[in-house]
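Chemist: Dumping the structure here so I can ask a few things about it.
Each value in this text was obtained by applying a stated rule to the coordinates, not by laboratory testing. Just so it is clear, the structure is predicted and the values come from calculations on it, not from any experiment. Ideal geometry is used to build each Cβ from the backbone, glycine not excepted, and the neighbour counts take in all protein chains shown.
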There are 2 protein chains.
Amino acid sequence: MSDLSLVTCTAPVNIAVIKYWGKRDEKLILPINDSISVTLSSDQMHAKTTVTASTNFKEDRIWLNKELQASSSRLSSCLEEVRSKARQLESPAVNPDWKVTICSENNFPTAAGLASSAAGYACLVSALCKLYGIQGDLSTLARRGSGSACRSVYGGFVHWKMGSREDGEDSRAIQLHPASHWPDLRVLICVASDSRKKTSSSVGMKNSVETSPLLKYRAELIVPDRTKQMIQAISQQDFDKFAEITIRDSNQFHAVCQDTYPPCVYLNPASHQVSSLIHQLNNYSGRFVATYTFDAGPNACIFLMQKDVCKVVGLLQHFFGEGEEFVRGEKYNVVEPTEKDKSDYSVDRIPGGLKYIICTRAGEGPATLPASGHLLSPKGEPLFMQ
Amino acid sequence: MSDLSLVTCTAPVNIAVIKYWGKRDEKLILPINDSISVTLSSDQMHAKTTVTASTNFKEDRIWLNKELQASSSRLSSCLEEVRSKARQLESPAVNPDWKVTICSENNFPTAAGLASSAAGYACLVSALCKLYGIQGDLSTLARRGSGSACRSVYGGFVHWKMGSREDGEDSRAIQLHPASHWPDLRVLICVASDSRKKTSSSVGMKNSVETSPLLKYRAELIVPDRTKQMIQAISQQDFDKFAEITIRDSNQFHAVCQDTYPPCVYLNPASHQVSSLIHQLNNYSGRFVATYTFDAGPNACIFLMQKDVCKVVGLLQHFFGEGEEFVRGEKYNVVEPTEKDKSDYSVDRIPGGLKYIICTRAGEGPATLPASGHLLSPKGEPLFMQ
């Protein structure tokens with residue numbers, strides 16, 4: 001058997017600042033409102049996926065973080081969509097009828113609830129499309145794997161338009177601006193310590209659509225205007241406006257979760273204290289120093305300007321840090337809070353409430369790696385098994 | 001100086017099942033939506049107030065739980081309303097221009113966040129009106145002290161109609177049914193351990209009115225129908241319907257708090273686990289065994305049928321109890337959960353998460369006590385000081 005054609009891509013995580021919560025079509029993964037996100041740098045966090053196909057493979061095989069995956073409807077549906085697109089090509093680079101072997105891994109803990117499925121599906125779709133030679137917008141394909149994955153196929157600042165077509169072909173992401181548009185913007189991913197069993201995003205949003213009267217109102221009457229405001233704030237690099245809308249939208253999303261029957265609770269005491277710390281910090285400073293947003297889990301994502309990172313990380317470390325390696329990612333000289341700061345803040349100190357912080361920034365979309373990056377051998381076997 | 005005319009009343013606590021959150025008039029205390037409550041038995045929890053008036057008193061004096069109170073606008077406004085009503089009488093029993101002495105106490109911890117101001121103002125107004133000889137509906141007077149106090153002037157099941165008049169004269173409570181209407185209904189007040197500084201209800205609801213887009217929608221488009229449904233559920237003693245609406249309305253109120261800028265967070269981890277326990281209990285039982293509601297604090301109030309009290313208290317004690325005197329109030333033979341129950345429930349065990357439970361039931365409105373109940377001496381001095 002000759003060597004196979006391998007493609008390896010990385011894809012980034014994205015953080016929504018206007019939240020996606022609720023589908024109008026479960027199968028096509030069409031949302032009930034637009035959303036906006038910031039794509040994070042792949043330097044700190046990314047998914048990496050190698051794909052190949054061969055007439056000799058008996059079945060599709062997918063390893064995720066070294067574990068062979070049972071076929072899931074999401075995975076199959078996403079794979080089928082890509083194949084069907086490949087079949088429309090005049091001459092696909094690889095035969096779409098061949099079975100594929102896929103090996104994927106994240107360079108961050110999957111269990112930490114860090115939007116790993118968004119990066120994962122964006123990466124899978126990018127690699128497969130490269131393999132088959134599919135060009136153009138990949139966001140509708142990525143969307144079929146995981147809604148928010150459609151935003152990870154672009155870098156920088158991304159707008160997922162909900163669309164109106166029944167077939168979902170206009171429910172796609174567009175890039176508002178590349179990451180370089182707002183060079184001073186920085187991001188702190190605060191990974192919370194939490195072992196509670198959570199309602200998955202898919203199940204949670206389905207319950208919300210079915211039972212929360214507030215969600216319908218949010219989607220129809222609040223998000224459209226907020227989306228416009230957010231696009232303007234990003235376009236003008238207006239951090240005050242960006243910060244306030246981000247906070248309001250995150251809290252409204254968690255309000256809808258609380259309005260769900262039964263309620264889904266994603267925030268924990270450390271989450272609430274991080275949020276309180278940021279509000280106090282902004283009040284004491286007389287300006288928006290930082291803004292927070294929480295996805296379907298207790299991890300805070302904080303946006304701020306580069307000049308404020310050292311101080312904010314110092315506050316987070318003081319109130320929620322414990323042990324070594326608390327600050328990860330990009331290097332900063334963390335500033336220990338003054339005694340006055342420590343006593344001024346009315347924040348419950350929860351040492352270990354955060355496991356660690358990843359310092360990062362906005363970044364570009366999926367990338368293709370050279371052969372040295374492959375996760376599969378030339379014969380299509382996972383390298384970690386050899 | 002001859003002996004003074006003393007009046008002593010008790011007044012009950014009430015628990016809202018359709019929540020009051022938001023004023024349309026801060027001074028007159030007029031709400032943005034109707035609310036419905038259950039008045040609790042005074043046997044377990046009540047405020048008790050003795051009032052008197054004399055031409056010899058130099059100023060109004062009020063002791064609350066043995067502490068002399070600084071005059072507050074709420075207190076003065078409530079007192080002035082009663083006096084102005086007394087002045088309209090042909091011959092008030094006591095001269096409304098005389099200064100008053102008031103001594104009030106609760107037989108439950110004020111700090112526990114157990115609606116003490118509702119009972120307190122209902123009691124104050126009841127005693128003052130009795131002193132002056134004011135008859136008829138007292139709810140509009142009690143409302144001027146604390147909105148929810150207007151519901152504590154009636155026993156049983158009470159509807160506070162928001163009214164539409166600018167002067168607030170039609171924003172008053174009516175009794176839907178006396179407590180005897182639903183004889184099997186029981187109430188568990190679960191007092192949570194929590195020392196966090198909380199946003200007061202007044203400040204919280206003001207912030208919500210000013211900043212939460214969801215509150216307006218709730219008040220205008222959701223509460224009116226829920227109120228009708230709840231009146232019907234109570235009228236028909238339909239516990240399933242009563243239970244579901246109660247849970248939904250409590251969660252929606254806390255959703256609005258989360259949608260407030262900055263968010264106000266009243267629930268703590270024990271609150272969320274109590275709520276989760278009740279949902280699981282109802283699921284496993286295939287019927288509504290219990291329902292929960294939370295006011296502006298972490299204490300759960302659980303409604304259930306008498307036959308289920310022993311089992312539910314046993315579950316609460318197992319998951320959240322610690323130490324002696326955990327179960328207070330009416331006596332029940334608490335049933336320890338089976339090993340199967342203990343392992344079936346996916347609830348985080350938080351020993352001490354609840355300080356204690358008060359077992360009680362619906363009860364009647366304010367009552368007048370005989371002389372043996374007075375908290376003031378015949379000369380108008382607090383007995384606790386003598």
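Chemist: List the distances, in nm and shortest first, from the label point of B:R165 to the matching label points in every other copy, placing each point 7 Å from Cα along the Cα-to-Cβ direction.
Modeler: Here B:R165 shows inter-copy label distances of 6.1 nm.
Chemist: Ordered by packing density, taken as the mean number of other Cβ atoms within 10 Å over each peptide's residues, highest first, how do A:287-299, A:201-213 rank?
Modeler: With the highest mean Cβ count within 10 Å placed first, the list reads A:287-299, A:201-213.
Chemist: Straight-line reach from A:K161: which aspartates and glutamates have a Cα under 14 Å away, not including same-chain ones fewer than 8 places off?
Modeler: Filter leaves A:D34, A:D137, A:E169, A:D170, A:E220, A:D225.
Chemist: Of all the Cα-Cα pairs you can form in the stretch B:191-256, what percent are over 20 Å apart?
Modeler: Summing the P(r) tail past 20 Å for the stretch B:191-256 gives 43 percent.
Chemist: Can you list the HN-Hα couplings for the stretch B:87-104, worked out from phi with the Karplus curve (6.51, -1.76, 1.60; θ = phi - 60°), rounded to whole Hz and with x for Gly and Pro?
Modeler: 3J(HN,Hα) across the stretch B:87-104, in whole Hz: 5, 7, 6, 5, 9, x, 5, 9, 5, x, 7, 5, 6, 10, 10, 10, 10, 9.
Chemist: Let me ask another. Of B:K130/B:K198; A:K23/B:K198; B:K130/B:K379; B:K27/B:K216; A:K66/A:K206, which pairs sit farther than 28 Å apart, going by alpha carbon to alpha carbon?
Modeler: Beyond 28 Å between Cα atoms: B:K130/B:K198; A:K23/B:K198; A:K66/A:K206.
Chemist: Could I ask something else about it? Among the aspartates and glutamates, select those whose C-alpha is under 16 Å from the C-alpha of B:K99, and discard any that sit fewer than 8 residues away in the same chain.
Modeler: Partners found: B:D3, B:E59, B:D60, B:E80, B:E81, B:E381.
Chemist: In peptide B:246-255, what is the residue-averaged number of other protein chain Cβ atoms found within 10 Å of each Cβ?
Modeler: 5
Chemist: Return the sequence-ordered ³J(HN,Hα) values of the stretch A:126-136 in whole Hz as given by the Karplus equation 6.51 cos²θ - 1.76 cosθ + 1.60 applied to θ = phi - 60°, using x for Gly and Pro.
Modeler: For the stretch A:126-136, the Karplus curve yields 4, 5, 5, 5, 5, 4, 7, x, 7, 10, x Hz.
Chemist: Most exposed first by the Cβ proxy, i.e. fewest other Cβ within 10 Å, how do A:E381, A:E105 rank?
Modeler: Listed from fewest to most nearby Cβ atoms, that is A:E381, A:E105.
Chemist: So, one more: Quick one: 3J(HN,Hα) in Hz for the stretch B:20-27, Karplus 6.51/-1.76/1.60 with θ = phi - 60°, rounded, Gly and Pro as x.
Modeler: 8, 8, x, 10, 8, 9, 5, 6
Chemist: Once the label point is set 7 Å along the Cα-to-beta-carbon vector, what list of distances in nm do you get between B:G373 and its counterparts in the other copies?
Modeler: Shortest to longest, the spacings are 7.9 nm.
Chemist: What is the angle, in °, between the Cα long axis of helix A:309-320 and the longest principal axis of the Cα atoms in chain A? Nearest 10 is fine, range 0 to 90.
Modeler: It is inclined by approximately 80 degrees.
Chemist: Please list, in chain and number order, the residues 5+ apart from B:I29 or on another chain whose amide H is under 5 Å from its amide H, with Hs placed from the backbone.
Modeler: It is none; the list stays empty.
Chemist: For helix B:269-285, what angle does its Cα long axis make with the longest principal axis of chain B, in degrees from 0 to 90 and rounded to 10?
Modeler: 60 degrees
Chemist: Take the alpha carbon atoms of the stretch A:229-290, find their center, do the same for the stretch B:129-159, and report the distance between the two centers in whole angstrom.
Modeler: Rounded to whole Å, the Cα centres lie 40 Å apart.
Chemist: Tell me the GluC sites (Glu not before Pro) within the stretch A:53-92 that lie in a loop according to DSSP and have at most 16 other beta-carbon atoms within 10 Å.
Modeler: Loop-located and lightly packed - A:E59, A:E90.
Chemist: I want to check the label-to-label distance for B:D25 and B:A93. Put each point 7 Å from Cα in the C-beta direction and report it in nm to one decimal.
Modeler: A separation of 2.9 nm, rounded to one decimal place.
Chemist: Along Cα-to-Cβ, 7 Å out, sits the label point; list in nm, shortest first, how far the one on A:D184 is from those in the other copies.
Modeler: The projected label point of A:D184 is separated from its counterparts by 6.7 nm.
Chemist: For every other residue with a beta carbon closer than 10 angstrom to the beta carbon of A:H318, add +1 if it is Lys or Arg and -1 if Asp or Glu, then tell me the sum.
Modeler: Once all neighbours under 10 Å are counted, the net charge is 0.
Chemist: If amide H atoms are built 1.01 Å from N in the plane of the peptide, which residues on other chains or at least 5 residues away come under 5 Å of the amide H of B:H46?
Modeler: B:N107, B:F108
Chemist: How are the alpha carbon pair distances in the protein assembly as shown distributed across 20 Å bins from zero to the largest one, expressed in percent?
Modeler: Result, from short to long distances: 16, 41, 30, 11, 3, 0 percent.
Chemist: Where is the GNM fluctuation largest for chain B (alpha-carbon springs, 10 angstrom cutoff): B:S41, B:S372, B:S117?
Modeler: Maximum fluctuation in the GNM of chain B, among the listed residues, is at B:S372.
Chemist: I would also like to ask the following. Taking beta carbons within 10 Å but only from partner chains, what does the mean come to for residues B:127-139?
Modeler: Counting Cβ atoms of other protein chains within 10 Å of each residue's Cβ and averaging gives 0.
Chemist: Magnitude of the Cβ-charge dipole of chain A, K/R +1 and D/E -1, about the Cα centre, nearest 20 debye?
Modeler: 320 debye
Chemist: Given a Förster radius of 45 Å and the C-beta distance between B:K307 and B:K66 as r, what FRET efficiency does 1/(1 + (r/R0)^6) yield to the nearest 0.05?
Modeler: The formula returns an efficiency of 0.65 here.
Chemist: Something else: The stretch A:313-386 to the stretch B:1-32: how many Å between their Cα centroids?
Modeler: Cα centres, the stretch A:313-386 to the stretch B:1-32: 52 Å.
Chemist: Just the projected area, averaged over all directions, of the convex hull on the alpha carbon atoms of the stretch A:27-123: how many nm²?
Modeler: Averaging across all directions leaves 8.1 nm² for the Cα convex hull.
Chemist: Then there's this: Counting every Cα pair in the stretch A:207-346, what percent are over 28 Å apart?
Modeler: 26 percent
Chemist: Right, next: Using the Cβ atoms and a cut-off under 13 Å, what net charge is assigned to the surroundings of B:P178, where Lys and Arg are +1 and Asp and Glu are -1?
Modeler: 0
Chemist: Please give me the summed charge of the neighbours of B:L188: other residues whose Cβ is under 11 Å from its Cβ, Lys and Arg +1, Asp and Glu -1.
Modeler: After counting each charged neighbour, the total is +1.
Chemist: Now for a different question. Based only on other Cβ atoms within 10 Å, what is the fewest-to-most ordering of B:K19, A:K241, A:K228?
Modeler: Ascending number of Cβ neighbours within 10 Å: A:K228, A:K241, B:K19.
Chemist: Here is a follow-up. Amide H neighbours of B:L40 under 5 Å, at least 5 residues apart or on other chains, H built in the peptide plane: list them.
Modeler: Sorted by chain and number, the residues that satisfy this are B:V13, B:N14, B:I15, B:G363.
Chemist: Return B:Y332, B:Y132 ranked ascending by Cβ neighbour count within 10 Å, so the fewest neighbours appear first.
Modeler: B:Y332, B:Y132
Chemist: I need the shape label for chain A. Rule: rounded when a/c is under 1.5, else prolate if a/b > b/c, else oblate, with a, b, c from the alpha carbon gyration tensor.
Modeler: Note, shape of chain A comes out prolate.
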